[in-house]
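The values are calculated or read from the model by the stated rules, or taken from the named source; none is laboratory data. Owing to the predicted nature of the structure, the values given are computational and were not obtained by experimental measurement. Glycine gets a Cβ as well: all are built from the backbone with ideal geometry, and neighbour counts include every protein chain shown.
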Ligand SMILES: Cc1cc2nc3c(=O)[nH]c(=O)nc-3n(C[C@H](O)[C@H](O)[C@H](O)COP(=O)(O)OP(=O)(O)OC[C@H]3O[C@@H](n4cnc5c(N)ncnc54)[C@H](O)[C@@H]3O)c2cc1C
């Protein structure tokens with residue numbers, strides 16, 4: 001039986017990481033050359049890890065299903081990245097960033113990890129500036145900042161609405177240097193389909209070449225997964241179409257515990273659903289809430305054009321309910337509040353949307369200033385909707401966006417499979433039950449540039465065995481299982497498409513494991529998901545061949561995993577008899593309709609061990625709060 005050991009170092013929170021780094025074992029430079037590390041994923045977490053580990057001297061094999069590392073989903077990040085530089089002199093500090101993040105996550109994250117994150121946040125900015133990342137600067141030439149939800153200081157560094165892209169270009173240039181130096185072997189268009197575990201340790205992977213369909217085996221001393229989040233389980237989300245859960249799910253089935261799967265983030269500022277055949281929800285960055293004001297009509301069913309609704313008939317509901325934070329309340333609160341007014345029938349035009357209005361900001365600052373800050377986001381909005389947000393308010397509504405849950409890792413970012421490390425959005429991370437805006441880029445880069453380079457050495461120093469031969473049974477067996485899975489999928493030849501079933505799964509999750517959850521509907525969801533899984537295996541139609549470029553097969557393999565993961569999300573949500581952050585159980589709310597935590601019974605990370613399909617064992621990592629006082633979150 002695996003016992004959870006978070007390996008949080010002893011001592012005062014400010015000294016934990018410094019002392020830990022000193023106590024970690026080192027691998028000397030000559031020995032580093034003897035190790036091969038497989039990194040899966042080339043987003044911000046994977047690219048930064050691969051480049052840094054190669055720079056240290058390790059041999060890296062990097063796999064990504066994209067045709068170029070530059071296409072990782074991280075490129076889509078718009079708004080910015082947090083750091084506690086306090087350039088604005090507005091009261092920020094490492095401690096405040098730590099505090100805001102623990103509070104923002106509704107006290108369901110690990111204090112020690114969050115403190116380390118805040119501590120290295122400043123190094124990230126220095127590193128990226130040195131790489132030439134063109135962060136926005138103010139008139140005097142200094143780095144500029146803006147505000148994001150859940151904070152009363154301005155600590156978000158940004159590059160217009162393209163922060164992820166610019167950060168990724170920085171990381172990829174470091175990566176390219178190592179590819180050129182022969183330290184990173186980059187394998188694009190390869191999808192990880194299984195982890196190989198030998199004597200309880202991660203010792204390799206099985207991948208599928210997405211162009212030829214060839215399945216191959218790869219051996220390593222350690223495996224790093226940086227494969228992103230699983231919000232696409234909802235079918236409609238703001239994630240890139242290709243983002244998926246396969247890597248972490250297959251690792252889960254090989255022994256890696258899955259933590260807090262029900263902690264999903266529904267982002268408040270996305271374009272509303274506009275039709276039946278939509279495949280994606282577009283994000284409008286949270287940074288827009290710096291200057292945009294959110295409102296709906298005071299009257300239900302008001303179909304007037306927003307410009308015709310007079311000021312005194314508008315309800316700026318976030319400003320009314322949360323005067324201290326106003327439009328910059330954290331995402332979970334802003335999303336739930338939008339749902340509330342829509343449920344009252346007061347949505348924009350009577351539908352599922354609310355207004356995000358820049359009229360006052362344009363009057364105050366001028367159109368040029370708004371264009372300077374948000375120009376490309378306004379362009380995206382106009383291109384998609386055909387409406388000009390300089391002249392009328394945007395229409396927005398929450399959409400699945402980010403997953404705080406993920407593979408459980410200890411302080412060293414190692415999963416419950418020794419030798420398997422998990423970085424970025426793929427781990428259960430530092431965000432508790434709700435991630436604050438601009439903190440994911442910070443966490444991915446912290447993990448890749450500043451944490452894993454230290455912690456992986458500690459593991460490798462004690463595991464010096466030679467690379468394993470891929471002719472071993474464990475490799476052959478893993479490969480054969482994948483070949484069997486593919487043959488089975490191609491042989492069903494039913495009548496329903498993969499997307500049709502995925503869409504149905506997404507609807508179950510959105511309505512029953514979405515912004516509001518309750519016992520009755522969660523139980524229904526569990527039943528419906530397992531029935532849908534049966535239906536998939538009886539009636540799906542996967543066309544094309546195994547040994548060819550076959551996107552239908554790729555999608556089918558991912559939906560196989562979603563159909564299992566979704567059930568665990570619902571079970572986790574059912575188990576957690578409290579409301580916290582993005583997990584809102586209707587039965588557990590305060591008189592004012594806010595999330596009501598149950599710290600006595602649920603101040604733990606739920607880490608699920610896979611037993612069989614539809615069957616898991618729950619392990620609990622108790623969370624202790626020695627530095628931040630547990631309190632009812634208030635943004636009023
Ligand atoms: C539209 C949008 C805007 C956002 N804006 C912000 C923002 O402004 N600030 C912020 O902090 N956060 C933002 N986020 C969140 C943030 O972008 C992500 O959490 C973060 O980029 C994830 O980085 P990652 O490296 O963990 O994963 P990703 O960037 O998703 O990279 C995953 C990598 O893994 C590879 N991969 C995955 N599975 C496999 C497999 N089975 N085999 C091989 N390769 C695989 C992919 O090819 C890819 O290279 C935003 C998210 C979205 C959706």
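Those helices (runs of 4 or more DSSP H) of segment 417-530 in which 3 or more residues are surrounded by 24 or more Cβ atoms within 10 Å (Cβ to Cβ) and within 16 Å of the ligand (Cβ to nearest atom) occupy 440-445.
Annotation: residue 273 fulfils all but one of (1) touching a residue at least 40 places away in the same chain (Cβ under 8 Å); (2) within 13 Å of the ligand (Cβ to nearest atom); (3) surrounded by fewer than 23 Cβ atoms within 10 Å (Cβ to Cβ); the unmet one is (2).
Can you find a residue that is within 21 Å of residue 383 (Cβ to Cβ), touching a strand residue (DSSP E or B) at 6+ places or on another chain (Cβ under 9 Å) and not in a helix (DSSP H, G or I) anywhere in segment 292-300? Checked against the condition, which is being within 21 Å of residue 383 (Cβ to Cβ), touching a strand residue (DSSP E or B) at 6+ places or on another chain (Cβ under 9 Å) and not in a helix (DSSP H, G or I), segment 292-300 yields at least one hit.
Confirm whether residue 170 is part of a loop (DSSP other than H, G, I, E, B) and either at pLDDT 95 or above or crowded, with 24+ Cβ neighbours inside 10 Å (or both). Here the answer is no, as residue 170 does not meet what is asked. The set of residues in segment 192-206 that are surrounded by fewer than 23 Cβ atoms within 10 Å (Cβ to Cβ) and within 14 Å of the ligand (Cβ to nearest atom) contains only 193. The residues of segment 210-243 that are within 12 Å of the chain's Cα centre (by Cα) and either farther than 20 Å from residue 443 by Cβ or not in a loop (DSSP other than H, G, I, E, B) (or both), listed by number, are 231, 232. Filtering segment 254-267 for residues that are more than 10 Å from the ligand (Cβ to nearest atom), closer than 18 Å to residue 67 by Cβ and surrounded by fewer than 24 Cβ atoms within 10 Å (Cβ to Cβ) leaves an empty set.
Taken over segment 401-416, the criterion of being in a loop (DSSP other than H, G, I, E, B) and either within 13 Å of the ligand (Cβ to nearest atom) or within 16 Å of residue 260 (Cα to Cα) (or both) is satisfied by 404, 405, 408, 409, 410, 413, 415, 416. Taking segment 208-231 as the search range and keeping residues that are within 18 Å of residue 405 (Cβ to Cβ) and touching a strand residue (DSSP E or B) at 6+ places or on another chain (Cβ under 8 Å), which one is surrounded by the most Cβ atoms within 10 Å (Cβ to Cβ)? Of everything passing the filter in segment 208-231, 227 is surrounded by the most Cβ atoms within 10 Å (Cβ to Cβ).
Among the residues of segment 351-400, those identified as surrounded by 16 or more Cβ atoms within 10 Å (Cβ to Cβ) and in a helix (DSSP H, G or I) are 359, 361, 362, 370, 373, 374, 377, 378, 380, 381.
Being near the ligand (Cβ under 9 Å from one of its atoms) and within 22 Å of residue 419 (Cα to Cα) holds for only one residue in 238, 163, 227, 188, and it is 227.
Scan segment 552-571 and give yes if some residue there is more than 22 Å from the chain's Cα centre (by Cα) and surrounded by fewer than 19 Cβ atoms within 10 Å (Cβ to Cβ), otherwise no. The answer is yes, given that some residue of segment 552-571 is more than 22 Å from the chain's Cα centre (by Cα) and surrounded by fewer than 19 Cβ atoms within 10 Å (Cβ to Cβ).
This table checks each residue for (1) over 20 Å from the mean Cα position of the chain (by Cα); (2) within 14 Å of the ligand (Cβ to nearest atom); (3) surrounded by fewer than 18 Cβ atoms within 10 Å (Cβ to Cβ); (4) at pLDDT below 95.
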residue: 289; (1), (2), (3), (4): yes, yes, no, yes
residue: 293; (1), (2), (3), (4): yes, no, no, no
residue: 298; (1), (2), (3), (4): yes, no, yes, no
residue: 308; (1), (2), (3), (4): yes, no, yes, no
residue: 311; (1), (2), (3), (4): yes, no, yes, no
residue: 336; (1), (2), (3), (4): no, no, no, yes
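As a summary of the residue check, residue 153 satisfies the conditions (1) buried (at least 24 other Cβ atoms within 10 Å of the Cβ); (2) farther than 30 Å from residue 30 by Cβ; (3) over 20 Å from the mean Cα position of the chain (by Cα) except for the one numbered (1). Out of segment 276-291, which residues are in contact (Cβ under 8 Å) with a residue 12 or more places away in the chain and not in a helix (DSSP H, G or I)? Passing the criteria: 278, 279, 280, 281, 282, 283, 284, 285, 291.
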